[in-house]
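Values in this text are rule-based calculations from the coordinates and carry no lab data. As the structure is a prediction and not an experimental result, all values here were calculated from the model. Virtual Cβ from ideal backbone geometry, glycine too; neighbours counted across all protein chains shown.
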Amino acid sequence: MQGIWRNLQLSAAFNVEAHEETYGAPAGLSVIVDPPDGKLPYLPAAREKAKDNWEHRGRDPVGHCHMHGVPRVMVPPFPFRIIQDRDYVVMLHETEHSLRIIPMDGRPHLKDYSSWDGDSRGHWEGDTLVIDVTGLNGKTWLDQAGNFVDENEHVVERLTMTGPNTIQYEARVEDPTAYSKPWTMRVTLGRQPKKTELIEYDCIEGERDVVHYPK
Amino acid sequence: MSSTIRSDVEQDGALRRVGNLPAWGVRALLRRRITNPPQAASLHYIALLMFMAATLCGQQPDLRGIWKAPPAANENVESVAGKIAYVPAALAKKHANRPDGDPEHRCLQPGIPRANYSSPFQIFQTPDAVYIVYQDVHSYRVIPLDGRPHEDGIPLAMGDSRGRWEGNTLVVDVISLTGETWLDKAGNYHSDAAHVVERYTRKDQSTLQYESSIEDPKVFQKPVKINMTLQLDSKGQILEDECVEDAKGSRHHVSPFKK
């Protein structure tokens, strides 16, 4: 899995559900594969909040230079690098130079952790890299459309190579205070051409803007 | 003498080529070397054989681990570099640099070499690259080892790094730095002309020697040379360090632990 990858279903960066085009954003089919209707199984209050987020898309934490969180960090139009080194898988993302260090040695999760990209622990199930992510801060959105998760989010990601240049990426999200049941999204990641390098991406302007820091 | 050096170079070239040759090929190579040893001292020859063995096994010196620098370095780099000889105009600017002007307070990435002593970092290695992940504002560096040329022309807070092994030492050449990063909290700084050559050597299981030379004729009369010993943190984990700046421009690290 080593190399530089990028999500091939970019419309998911705008909206993980099926959506028509808006200015600057292409239309796209839902990347939610469970439930089968492709819709996020929001609880009523959470659905209202998602609608409110849509009305106030300027609140998007990524627009204020915060990190994407999981699983959103896997879908933006920025490349990322997967490194496999003995007891670790490391993901270096171009966007906001965010990164995930994923121990593969079976150590337990950190306690009382609360961060944008969470605390990841990985293991192999056959040829599938399975990553369990806890310690997420619940401030992240899932896309630019205002779909979101809260602090009870727990993600299990599954990365499987489906060819030399493609990875099937699945994230099963459990969040009983926002959703009536767990749901799963799936996108394909494509290997980037050989000459690709990650270029430094600094997001500074918004970090100055703590007023918009999600509370 | 010169023929010996050439012979070593050829040896090195041969090594790269043999790569994964079957054992008979390696034996033939060794036999040829043993029956016709070079004129150089035998120690050199043994070192060469050890290097060959390591190369054939695909091993690099192991720099992996989480490393921590002496805290004094980030307070004032002169604690690990000695007195810096600035050119006169640059010395005046250094004296004018106040703590609240520290780019750290604007949540900027620490730059090179400061990243190596502003927070713990973790080294990862694959055969074709070394990766350094710094806790400080989740910055990282990819250091290719395949001899590709620098990417020049895009100024980068963390610079453009190219690495190579010299024996047990990882040597990293860094250019394309911005003139916006400082060397410490005391206002020592460099310009966008800085050229940094770093040397990482593992001394034993728990220590890593870090040396670097910063050439920067715009601000230094002679290269600044940093030399410090880093300690292994065998139980730690690199944590998420988000930095947010408030309206007054002061910097807040956001703790990744629940209050």
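Total residues in the stretch B:81-128 satisfying the condition of being among the β-branched types (Val, Ile, Thr) and more than 25 Å from the chain's Cα centre (by Cα): the figure is 1.
Inspection of the stretch B:112-123 finds no residue satisfying the criterion of being hydroxyl-bearing (Ser, Thr, Tyr), farther than 23 Å from B:GLN205 by Cβ, at the interface with chain A (Cβ under 8 Å from one of its Cβ atoms) and buried (at least 21 other Cβ atoms within 10 Å of the Cβ). Hey, any hits in the stretch B:222-229 for a residue that's closer than 19 Å to B:PHE121 by Cβ, out of contact with any Ser or Thr (no Cβ under 7 Å at 6 or more places or on another chain) and either facing chain A (nearest Cβ under 7 Å) or surrounded by 14 or more Cβ atoms within 10 Å (Cβ to Cβ) (or both)? Yes, because at least one residue in the stretch B:222-229 is closer than 19 Å to B:PHE121 by Cβ, out of contact with any Ser or Thr (no Cβ under 7 Å at 6 or more places or on another chain) and either facing chain A (nearest Cβ under 7 Å) or surrounded by 14 or more Cβ atoms within 10 Å (Cβ to Cβ) (or both). Within the stretch B:102-123, being part of a helix (DSSP H, G or I) and farther than 18 Å from B:ALA73 by Cα holds for one residue alone: B:ARG106. Of the residues screened, A:MET67 is not one that is surrounded by 15 or more Cβ atoms within 10 Å (Cβ to Cβ) and either more than 9 Å from chain B (Cβ to nearest Cβ) or of a type in the set (Gly, Ala, Ser) (or both). Give the residues of the stretch A:40-72 that are over 28 Å from B:HIS138 (Cα atoms) and not in a helix (DSSP H, G or I), sorted by residue number. Listed by number, the residues that qualify are A:LEU40, A:PRO41, A:TYR42, A:LEU43, A:HIS56. When restricted to residues that are part of a loop (DSSP other than H, G, I, E, B) and buried (at least 18 other Cβ atoms within 10 Å of the Cβ), the stretch B:124-160 contains 5. When the stretch A:82-111 is filtered for residues that are at the interface with another protein chain (Cβ under 7 Å from one of its Cβ atoms), touching a residue at least 24 places away in the same chain (Cβ under 8 Å) and in a strand (DSSP E or B), the ones remaining, listed by number, are A:ILE83, A:LEU92.
Determine, yes or no, whether B:LYS185 is farther than 30 Å from A:THR134 by Cβ and in contact (Cβ under 8 Å) with a residue 40 or more places away in the chain. Spell out the reasoning first.
Values: farther than 30 Å from A:THR134 by Cβ: yes; in contact (Cβ under 8 Å) with a residue 40 or more places away in the chain: yes.
It is true that B:LYS185 is farther than 30 Å from A:THR134 by Cβ and in contact (Cβ under 8 Å) with a residue 40 or more places away in the chain.
Would you mind stating whether B:SER250 is more than 28 Å from A:VAL90 (Cβ to Cβ), in contact with a Lys or Arg (Cβ under 8 Å, 6 or more places away or on another chain) and not acidic (Asp, Glu)? Break it down stepwise before answering.
Numbers: more than 28 Å from A:VAL90 (Cβ to Cβ): yes; in contact with a Lys or Arg (Cβ under 8 Å, 6 or more places away or on another chain): no; not acidic (Asp, Glu): yes.
When the stated conditions are applied, B:SER250 does not pass them.
Restricting the stretch A:128-142 to residues that are aliphatic (A, V, I, L, M) and within 12 Å of A:PRO71 (Cα to Cα) leaves a set whose member that is surrounded by the most Cβ atoms within 10 Å (Cβ to Cβ) is A:LEU142. In the stretch B:174-191, the count of residues that are in a strand (DSSP E or B) and acidic (Asp, Glu) is zero.
The residues of the stretch A:169-183 that are assigned to a strand (DSSP E or B) and buried (at least 16 other Cβ atoms within 10 Å of the Cβ), listed by number, are A:TYR169, A:GLU170, A:ALA171, A:ARG172, A:VAL173, A:TYR179, A:TRP183.
Restricting attention to the stretch B:238-248 and to residues that are at the interface with another protein chain (Cβ under 7 Å from one of its Cβ atoms) and assigned to a loop (DSSP other than H, G, I, E, B), the residue that is farthest from A:CYS203 (Cα to Cα) turns out to be B:ILE238.
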